[in-house]
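As structure tokens, the structure follows; a few thoughts come after it.
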Amino acid sequence: MAAMSPISRNLLPNPARIKSKRLTMRPIAMKDASRIAKLVNDREIAEKVSHIPYPYDVEDARRWIRGLGDERVFVIIRRFRLIGCVGLNPKSQTSCELGYWIGRKWWGRGYATEAAAAVLPIAFTNPAVVLVTSAHFKDNPESGNVLYKLGFSPAGEGLRWCEARGQKIESVEFRLTRMVFEANRKARASR
Ligand SMILES: CC(C)(COP(=O)(O)OP(=O)(O)OC[C@H]1O[C@@H](n2cnc3c(N)ncnc32)[C@H](O)[C@@H]1OP(=O)(O)O)[C@@H](O)C(=O)NCCC(=O)NCCS
């Protein structure tokens, strides 16, 4: 979750609630810090994302929430329990980056895909936004599967910093253009 650029202020709306079939997403709040710290203090999560240190405590979570700026992060609620986060981070006036994690206990039930699919349309609410990017470390193909299911395509390889591992890690870059997003939406609607 990178530092905000001043040109991207207010790029994205911040709806109070987003519902999907099994999940509810709402904007992250300071009250979520202890629950988030509990779930994220897990090497299997920290080592798969860029900016989560390991170990991770409630102060780390508070600092992260305080510093979010215009990044739109939603907590993912399943049966009244916070199980993960999904966010859109403005990168420029025309693009933002998608990120997510799910607590380990809830992996493999389609929740990351469902939550991200529900939040993605927010990115394209602003007509200026033409591109959503994302990436996963090469040793985390599970996240690549989420991105494929969301309609993203691979767009090259690179190195991204991993705070928990303290080094740059080989990664696969992904992108979803507005054109592809809208074509997929139309195809789903006509099924
Ligand atoms: C990657 C991650 C978000 C996937 O969450 P999820 O809710 O399990 O995702 P989904 O159920 O939608 O499925 C995605 C893929 O996870 C994998 N998966 C399925 N069951 C799994 C299990 N029990 N354990 C681990 N991975 C599993 C599969 O590859 C699946 O793809 P498929 O359905 O096409 O086979 C989750 O593992 C996670 O939070 N990992 C750590 C943080 C992270 O990687 N964030 C993304 C950084 S780019």
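Return the residues of the range 122-174 that are at positive phi and more than 14 Å from the ligand (Cβ to nearest atom); say none if nothing qualifies.
Step one: filter the range 122-174 for residues at positive phi, giving 151, 156, 166.
Listed by number, the residues that qualify are 156, 166.
Across the range 95-113, which residue is nearest to the ligand (Cβ to nearest atom) among those that are among the small types (Gly, Ala, Ser) and touching a residue at least 24 places away in the same chain (Cβ under 8 Å)? Step through it out loud before you land on a result.
First, pick out the residues of the range 95-113 that are among the small types (Gly, Ala, Ser): 95, 99, 103, 108, 110, 112.
Of the ones still in play, those that are also touching a residue at least 24 places away in the same chain (Cβ under 8 Å) are 95, 99, 103, 112.
On the way: 95: 17, 99: 6, 103: 8, 112: 3 Å.
Per the criteria, the residue is 112.
Restricting attention to the range 14-34, and to residues there that are within 15 Å of residue 65 (Cβ to Cβ) and in contact with a Lys or Arg (Cβ under 8 Å, 6 or more places away or on another chain), which single residue is surrounded by the most Cβ atoms within 10 Å (Cβ to Cβ)? If you could, list the steps in order and put the result at the bottom.
Taking the range 14-34 and keeping what is within 15 Å of residue 65 (Cβ to Cβ), we get 14, 26-34.
So of that shortlist, the ones also in contact with a Lys or Arg (Cβ under 8 Å, 6 or more places away or on another chain) come out as 14, 26-27, 30, 33.
Details: 14: 11, 26: 16, 27: 15, 30: 10, 33: 20.
Result: 33.
Looking at 70, 60, can you tell me which residue is assigned to a helix (DSSP H, G or I) and crowded, with 17+ Cβ neighbours inside 10 Å? Walk me through how you get there before you give the answer.
On the way: 70 fails: assigned to a helix (DSSP H, G or I).
So the residue among 70, 60 that is assigned to a helix (DSSP H, G or I) and crowded, with 17+ Cβ neighbours inside 10 Å is 60.
Any chance the range 85-100 includes a residue that's assigned to a helix (DSSP H, G or I), among the hydroxyl-bearing types (Ser, Thr, Tyr) and modelled with pLDDT of 95 or more?
Within the range 85-100, the subset assigned to a helix (DSSP H, G or I) is none.
No, the conditions are met nowhere in the range 85-100.
Test each condition in (1) within 14 Å of the ligand (Cβ to nearest atom); (2) surrounded by 14 or more Cβ atoms within 10 Å (Cβ to Cβ); (3) touching a residue at least 40 places away in the same chain (Cβ under 8 Å) for residue 116 and report the one that comes out false.
All conditions are met except number (3).
State the number of residues belonging to the range 101-115 that are part of a loop (DSSP other than H, G, I, E, B) and either over 15 Å from residue 147 (Cβ atoms) or hydrophobic (A, V, I, L, M, F, W, C) (or both).
4
How many residues, within the range 137-167, are of a type outside the set (Lys, Arg) and touching a strand residue (DSSP E or B) at 6+ places or on another chain (Cβ under 6 Å)? Steps first, answer last, please.
Going through the range 137-167, the residues of a type outside the set (Lys, Arg) turn out to be 137, 139-148, 150-159, 161-164, 166-167.
With the extra rule that they be touching a strand residue (DSSP E or B) at 6+ places or on another chain (Cβ under 6 Å), the set shrinks to 137, 143-144, 147, 151-152, 154-159, 161-162.
Number satisfying all stated conditions: 14.
Tell me, which residue of the range 100-113 that is of a type outside the set (Lys, Arg) and surrounded by fewer than 20 Cβ atoms within 10 Å (Cβ to Cβ) is nearest to residue 152 (Cα to Cα)? Explain how you work it out, then say what you get.
Taking the range 100-113 as the starting set, the residues that turn out to be of a type outside the set (Lys, Arg) are 100-103, 106-108, 110-113.
Filter once more, so that each one left must be surrounded by fewer than 20 Cβ atoms within 10 Å (Cβ to Cβ): 106-108, 110, 113.
On the way: 106: 23, 107: 20, 108: 19, 110: 16, 113: 12 Å.
Result: 113.
From 45, 52, 76, 36, which residue is away from the ligand (no atom under 12 Å from the Cβ) and either among the aliphatic types (A, V, I, L, M) or not in a helix (DSSP H, G or I) (or both)? Spell out the reasoning first.
On the way: 45 fails: away from the ligand (no atom under 12 Å from the Cβ); 52 fails: away from the ligand (no atom under 12 Å from the Cβ); 76 fails: away from the ligand (no atom under 12 Å from the Cβ).
Unique residue meeting the criteria: 36.
Is it the case that some residue within the range 174-188 is in contact (Cβ under 8 Å) with a residue 12 or more places away in the chain, outside any helix (DSSP H, G or I) and touching a His at 6+ places or on another chain (Cβ under 9 Å)?
Scanning the range 174-188 turns up at least one residue that is in contact (Cβ under 8 Å) with a residue 12 or more places away in the chain, outside any helix (DSSP H, G or I) and touching a His at 6+ places or on another chain (Cβ under 9 Å).
Of the residues 34, 20, 92, which is without any contact (Cβ under 8 Å) to a residue 40 or more places away in the chain and touching a helix residue (DSSP H, G or I) at 6+ places or on another chain (Cβ under 7 Å)?
On the way: 20 fails: without any contact (Cβ under 8 Å) to a residue 40 or more places away in the chain; 92 fails: without any contact (Cβ under 8 Å) to a residue 40 or more places away in the chain.
Among 34, 20, 92, only 34 is without any contact (Cβ under 8 Å) to a residue 40 or more places away in the chain and touching a helix residue (DSSP H, G or I) at 6+ places or on another chain (Cβ under 7 Å).
The values are calculated or read from the model by the stated rules, or taken from the named source; none is laboratory data. A quick note: this is a predicted structure, and the numbers were derived from the prediction, not measured. Neighbour counts run over all protein chains shown; Cβ positions are idealised from the backbone, glycine included.
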